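The values are calculated or read from the model by the stated rules, or taken from the named source; none is laboratory data. Note that the structure is a prediction, hence the values are computed from the model and not measured. Cβ atoms come from the backbone with ideal geometry, glycine included; neighbour counts cover every protein chain shown.
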Amino acid sequence: MIPGIAPKTAVAPVAWAPQPRHMFVFGAGFVGRYVSERLLAQGWQVSGTCTSVTKKRELEMLGMNAFVFDATESRYVTSSLENIHSLRQATHLLISIPPIPGIGDPLLNLDEDLRRILRHGNLEWLCYLSSTSVYGDCGGVLVDEDHTVNPKSESAKLRYNAEKGWLNLIDDPNLSAFIFRLGGIYGPGRSALDTLTKGKSLSQRQKLRESKQYTARIHVVDIYQAVLASMSIRCARKIFNVVDNDPAPRAEVFAFARSLIQRRYPDLITETIDDKSTGLDYQEIIVRAEKLVSNARMKQELGVNLLHPTYRSGLQSILDAWQIQSQLPNRSQ
């Protein structure tokens, strides 16, 4: 359990002029970029980091104030933070940079520098994107946010350490700080449909996931919904499982995706990807890290009405967006 996740008592309000809404995204990748594009469309100012000059140009074309920030180059991280001037102006901070094996969260390793920058800024909301992997092996039982975590892998342990670090980074009773424990993320351009149509072979790690009975998932649009909803909760420290209602096996999801494609685009899949075989006996490699992840708190306290409560709805919406041949996934990518 992470202590201190209950709402904190706010100090007496002080008259102040409302700040322009400014989101800063550490790690404008798949989720960060999705959120950024939609906030820009709502009139937000959005800044963020990426890992290359090419990606920086792409983000700037969207209207973002972008910075190249390589979290793996620890000797440059401090100076990079100081050079990100818009970080001080941010009212909202979304962290989507995963921990690095052997290092941990590269930003929290510089917590004093980060504290100093954020403490003297305009920050009122913070959200760290974590993973349901922190629960570890729960024997297939239903787990909610109050369930004792038991991370087994190095990445899961680093995630859990990062959760604690971000929740306690700034001790300001007026700051809302949230942890989102995400299921497997999918959406347009990143789904079983895209994997099948691009004809890519599955990695051994992906194949091993076939043995799991339950896999939590979440469509990126519903992550965005949760982000927006959490902004209305003030002066709190909270953890939310952000997952859909249907933790189905990976093989089932790929079978459904293949059926969707074959019905509408029968010639699109020209080769068979072995998304079922792992090269090992299926019954012998069942990973004992099973859990059913509850999303009840997200629905009740954030009021999120999932647009895609199951993978079927999510995959169908992605396929429906493939209206003409030019919009179909490029198999050469």
Going through segment 108-143 in order, the residues found to be closer than 28 Å to VAL293 by Cα and in contact with a helix residue (DSSP H, G or I) (Cβ under 8 Å, 6 or more places away or on another chain) are LEU108, TRP125, LEU126, CYS127, TYR128, LEU129, SER130, SER131, SER133, VAL134, GLY136, VAL143
So the helices (runs of 4 or more DSSP H) completely within segment 1-94 holding 1 or more residues that are modelled with pLDDT of 95 or more are 30-41, 53-62
Within segment 300-325, of all residues that are part of a loop (DSSP other than H, G, I, E, B) and at pLDDT below 95, the one farthest from ILE185 (Cα to Cα) is ILE324
Every listed condition ((1) touching a Phe, Trp or Tyr at 6+ places or on another chain (Cβ under 9 Å); (2) crowded, with 20+ Cβ neighbours inside 10 Å) holds for LEU158 save (1)
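Residue-wise test of (1) free of Cβ contacts under 8 Å to residues at least 24 places away in the same chain; (2) outside any strand (DSSP E or B); (3) on the phi > 0 side of the Ramachandran plot.
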{"site": "GLU112", "(1), (2), (3)": "yes, yes, no"}
{"site": "ARG115", "(1), (2), (3)": "no, yes, no"}
{"site": "SER133", "(1), (2), (3)": "no, yes, no"}
{"site": "CYS138", "(1), (2), (3)": "no, yes, no"}
{"site": "ARG159", "(1), (2), (3)": "no, yes, no"}
{"site": "LYS164", "(1), (2), (3)": "no, yes, no"}
{"site": "ILE170", "(1), (2), (3)": "no, yes, no"}
{"site": "PRO173", "(1), (2), (3)": "no, yes, no"}
{"site": "PHE180", "(1), (2), (3)": "no, no, no"}
The residue that is nearest to THR215 (Cα to Cα), considering only those in segment 226-272 that are among the charged types (D, E, K, R) and without any contact (Cβ under 8 Å) to a residue 40 or more places away in the chain, is GLU252
